[in-house]
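Quick notes on the structure that follows.
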Amino acid sequence: MNATAASIGHDSHDHHGPVLQYQPGLPLSRGKLIMWLFLSTEIMFFAALLGSYVVLRFGAAVWPKPHHVHLSEPIGAFNTFVLICSSVTVVLALEAAKANKRSLAKTWMLVTLVLGSLFLGVKAYEYSSKFDHGIYPWAPRGRIYERPDLYYGSAVRARLSDPVILEKMKELDGQEESELSDAEIIGRRRLKQVRDMVNNPDQQAFDLAVVADQIMPLPAEGADSHGHGGGLNDTFAWLQLPAVIPGGNMWASTYFFLTGFHAIHVIVGLIVFGILLLYQLGPQTAGMIENAGLYWHFVDLVWIFLFPLLYLF
Amino acid sequence: MSNSEAHKNPSATHGPITSPGKSPDEIDHAIEEEHAHDHHGGTMQYMAVFVALCFLTTMSFLTYSSYWPWRDEPQVGWAFMMAVSCTKALLVVLFFMHVLWEANWKYVLTIPAAMMAIFLTIMLVPDIGLRNRMVSQERALHMARGSDVLLLEKAADADSSGEVDKHEHE
């Protein structure tokens, strides 16, 4: 195009030299074009993540049910609702800015920022309920075992022979029943039983399943996200014994990977909205709001697929 | 740009240099202002889409509730939820992202990306999706199986029926 412009400039014998002009190839502004190009790479990025999740999930021999991994469907649905609301407030902010209703646009933008933060807050609460149960996205801190086998038994034994835990258990054994709550009295009896079972050389395969159930039972359907069946890990928070969730490790990897990347996108969106709030939101900034909105709707779009895939499948 | 738009805008039919003296920023502004005067959308329409999205979210949540009749056949629920999710995604893309009112460039960006996404997923199937068809003994030893879940459920049943406590007193 530059060559054509230059040659035409010569033909017209313009004494001020050739005037280079810009003609957009597509009927959209540069900012919007770049945002859409970026979004098309994002489509591939998240499609790869979601696709890998689906393939891993349906290729797995066992995949935990949502309630086995302390996922709460109502909380997920609430977060979906929050994101949908925030998508609406972004379009309302854009409409208000186009109509030059600056304070209204600012209000809608602020509401979007609050809703996005609420989403992140709920997500943080959900993450904490996973961490409470020893479910971490990385191995050294994760306490999840795939099956109640000998490896699991030896991991429980190793934890129980940790000097700090031994000291705490000695303290617990020395306490009078009157000093303990009912749950702790039952817990103490069960802990003794677990110690006997993991140390018994004649243990049966079923014994280790009982040990796993005593330490952290798989929660029943309908339990809340912090719900548990009163396992030893919940009664005595300092125990932190290894637990069994069949398929739990792969689940944790995919869950934290997917929701983590989504949360990073939410954080970036919130930063963008924070910056936009510094501007006068009128017709001049409508293009910026539109581009930020496009990004935010995409983040919403990803969650629309994540919610059923993670919480309801 | 659609054909009708191209005809309305004579500059588009006269080669690359058509609007003398306009800088990129001026043209961007002109495009944005043109967009600002488009009368698509409107608050009522957005609210209608919002209500539809909320309704669809409730529908997918229905599969979790006790009113869902196909609880024993999860595949029905999965297909239903995917259909609901695709409808929601379509609503967001068409109305909130204004794709319904965009010119044909939208296909250039979205269709190749979507195809790429589908192929990427399909290509994972032989190595990852079917990884449990043929596994080494080493892996089979450590991976969870359906029987492990049954074993844990049996242990939980034994616990709730008091058998475990009995076992302890023996």
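Just a few scattered comments:
- For the stretch A:96-114 and the stretch A:241-310, distance of Cα centres in Å: 21
- From largest to smallest, the equivalent ellipsoid semi-axes obtained for the stretch A:41-155 from the alpha-carbon gyration tensor read 40, 17, 11 Å.
- Shielding by partners - mean other protein chain Cβ count within 10 Å, residues of A:184-196: 1
- Per-peptide average of other Cβ atoms within 10 Å, ordering A:169-175, B:80-86, A:69-75 highest first: A:69-75, B:80-86, A:169-175
- Distance distribution P(r), the stretch B:41-97, all Cα-Cα pairs, bin width 10 angstrom from 0: 23, 44, 23, 9, 1 percent.
- Per residue, the convex hull spanned by the Cα atoms of chain A amounts to 200 cubic angstrom.
- Order of B:Ile128, A:Ile43 under a 10 Å beta carbon neighbour criterion, fewest first: B:Ile128, A:Ile43
Values quoted throughout were computed directly from the atomic coordinates according to the rules given, and no laboratory measurement underlies them. Computed from a predicted model, the values in this text were never measured in an experiment. Ideal geometry is used to build each Cβ from the backbone, glycine not excepted, and the neighbour counts take in all protein chains shown.
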